[in-house]
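Report on the following structure.
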Amino acid sequence: MGSVPFTTSDLQTSTSGFRSSPTLLCTPLMGTTVDQMLIEMRKAKEIGADLVEIRLDCLRNFNPHQDLQILIKQSPLPTLVTYRPVWEGGQYEGDESKRQDALRLAMQLGAHYIDVELEVAHDFNSSILGKKPDNFKIIVSSHNFHNTPSAEAIGNLVARIQATGADIAKIATTALDITDCARIFQITVHSQIPIIGIVMGERGLISRILSPKFGGYLTYGALEAGAISAPGQPTAKDLLDLYNFRLIRPDTKVYGIIGKPVGHSKSPLLFNASYKSVGLNAVYLHFLVDDVEKFFNTYSAVDFASGCSCTIPHKEAALKCMDEIDPIAKKIGAINNIVRRPDGTLTAFNTDYIGAISAIEDGLRGLNGVSPGASPLAGKLFVVLGAGGAGKSLAYGAAQKGARVVVANRTFERAKELADKVGGQAMTLAEVENFHPEEGMVLANTTSVGMKPKIDETPLAKHALKSYCLVFDAIYTPKDTRLLREARETGAVIVYGTEMLIRQGFEQYKNFTGLPAPEELFRTLMEKHA
């Protein structure tokens, strides 16, 4: 299935009346008893949902007349009633006519919406002709648990749903790749009927969060992480508090972090809170990306993927998709920050080295004898442990500031390759222990030795730390590594890995927005959540 590029023209939303109303947030109720559902309803209202979906197929002993009366009349929020059969991914296995009777009863008792499956929608809608209450709407739904069909096939599906007399069409497909969401966005924007377009699974998460950008009628947010009614469903709390769902509009710019895995990243927390604090019309998402090139080719609109952070395993692969690369990022051979220019071109940076080097410079400035203007790293002997991505960033960054660089790596060949590029010296990690040609050296660890769970390990024995005036550790889980604790005990200035993380974030924010980062807010959030 070819992916059609998702361009700016797709964002010129039609002026149909239903698009101007904000996307609703619906919380599914998964309780197995009526009492449980009543508790869940009150929770949903407290969290800030607009309506609740009463999933009748979750109820263990369902008594239609009695239970529907209670659930609909006592709900503090408008109700959407769904009675999902097993053949459409639900739990109901009983008689079909009884199931449809219960849905008709829900309509009579005052439910605001009912959801009926496309397979039976024609007959069902015929059975209620002329009996529909005024502000009652029928959602006709289709679920595909295997993939996301072509845009043409989805368009035909919407037409079939429309032909049943539906008020609202619901299309739920499954994401095999994050670019599958683009086809649902296109259909949602161009549909002549209000639409709920959802791509299930973790790769489809952005389809749920960005419903308001593309004029989706509603999106679903779970009450808690364990109680999801479909794969990849976020919690209502995350939609509202983490992604600022209520602030997303058709003209909202979309940023995000590209990685695999990516769900653990705290970047959305930092950036969304920062955007909100300055009133910036932007949202920052987790992008679970398998193929970077396909991602950028599909999402080519200027306000989609306006800027991306880039993490493992894409820091090198993304280079070939760029139109322009910052000279130092090019030398390092890895990028972590991508900005889309107004003309649609992509420019890449490496802010890791700026984050680490500026933190180390500030640490050195605290020591004596730094002449103003020059970098305190100038002339220093700078020992980098590790020759991977972070090692390269620090070696290049230090060399650029005039330091004399030594690269130590487990395999000597890799150390030599990097040392040659920065005009430095190479050695193995084992040799560093007896290397102290002078006092006042700087040490930067970029290996994973000492990282959770192996927090008792250290890349360099304590007695070997005596010649260093400053020690930096790129590891930030834990924040206070054994290396840093022992360096502090020998009297060295220490610089935490969290500093590199926070400061490279400042640089990314500046590149994304052209504004200085709200540094205090970044620090507060990192301390609270990292």
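The values are calculated or read from the model by the stated rules, or taken from the named source; none is laboratory data. Because the structure is predicted, anything quoted here is derived from the model rather than measured. Using ideal geometry, Cβ is built from the backbone for each residue, glycine included, and neighbour counts are taken over all protein chains shown. Accessible surface areas use protein heavy atoms only, side chains included; no ligands, DNA or RNA. Shrake-Rupley method; radii C 1.70, N 1.55, O 1.52, S 1.80 Å.
Quick notes on this structure:
- Just one of the numbered conditions (1) closer than 23 Å to Leu247 by Cα; (2) among the hydrophobic types (A, V, I, L, M, F, W, C); (3) touching a residue at least 60 places away in the same chain (Cβ under 8 Å) is not true of Ile184: (3).
- Selected residue (criterion: modelled with the lowest pLDDT) from residues of region 494-530 that are among the polar types (S, T, N, Q) and open to solvent by less than 30 Å² (accessible area, probe 1.4 Å): Thr498
- A single entry from Pro268, Pro261 fulfils the requirement of being under 12 Å from the mean Cα position of the chain (by Cα) and closer than 21 Å to Gly388 by Cβ: Pro261.
- Yes/no for Ala348 being buried (at least 16 other Cβ atoms within 10 Å of the Cβ) and either in contact (Cβ under 8 Å) with a residue 60 or more places away in the chain or not hydrophobic (A, V, I, L, M, F, W, C) (or both): no
- Any chance Glu152 is under 17 Å from Ala172 (Cα atoms) and open to solvent by 80 Å² or more (accessible area, probe 1.4 Å): yes
- Candidates are the residues of region 318-344 that are of a type in the set (Val, Ile, Thr) and at pLDDT below 95; the one that is nearest to Ile502 (Cα to Cα) is Ile335.
- Some residue of region 110-133 being of a type in the set (A, V, I, L, M), in a helix (DSSP H, G or I) and open to solvent by 50 Å² or more (accessible area, probe 1.4 Å): no
- Yes/no for Asn336 being within 28 Å of Arg208 (Cβ to Cβ), without any contact (Cβ under 8 Å) to a residue 40 or more places away in the chain and under 22 Å from the mean Cα position of the chain (by Cα): no
- Which numbered condition Ser191 misses (of (1) polar (S, T, N, Q); (2) in contact with a Leu (Cβ under 9 Å, 6 or more places away or on another chain); (3) surrounded by 22 or more Cβ atoms within 10 Å (Cβ to Cβ)): (2)
- Filtering region 87-99 to residues that are part of a loop (DSSP other than H, G, I, E, B) and either touching a residue at least 60 places away in the same chain (Cβ under 8 Å) or open to solvent by 50 Å² or more (accessible area, probe 1.4 Å) (or both) leaves Gly89, Gln91, Glu93, Asp95.
Rundown of residues vs (1) open to solvent by less than 60 Å² (accessible area, probe 1.4 Å); (2) modelled with pLDDT of 95 or more, yes/no style:
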residue: Gly226; (1), (2): no, no
residue: Ser229; (1), (2): yes, no
residue: Gln233; (1), (2): yes, no
residue: Ala236; (1), (2): yes, yes
residue: Leu240; (1), (2): yes, yes
residue: Arg246; (1), (2): no, yes
residue: Thr252; (1), (2): yes, yes
residue: Ile257; (1), (2): yes, yes
residue: Pro261; (1), (2): no, no
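- Helices (runs of 4 or more DSSP H) within region 386-480 that include 3 or more residues open to solvent by 70 Å² or more (accessible area, probe 1.4 Å): 412-421
- Residue in region 230-244 that is in contact with a helix residue (DSSP H, G or I) (Cβ under 9 Å, 6 or more places away or on another chain), closer than 22 Å to Gln508 by Cα and not in a helix (DSSP H, G or I) present: yes
- If the condition is being closer than 20 Å to Leu24 by Cβ and open to solvent by 30 Å² or more (accessible area, probe 1.4 Å), then region 163-186 contributes only Asp167.
- Test: residue in region 36-53 that is over 30 Å from Arg246 (Cα atoms) and open to solvent by less than 40 Å² (accessible area, probe 1.4 Å): no
- Evaluating Ile206 against the criteria (1) within 17 Å of Pro28 (Cβ to Cβ); (2) within 17 Å of the chain's Cα centre (by Cα) leaves one unmet condition, (1).
- So Leu319, is it touching a Cys at 6+ places or on another chain (Cβ under 9 Å) and more than 22 Å from Ile206 (Cβ to Cβ): no
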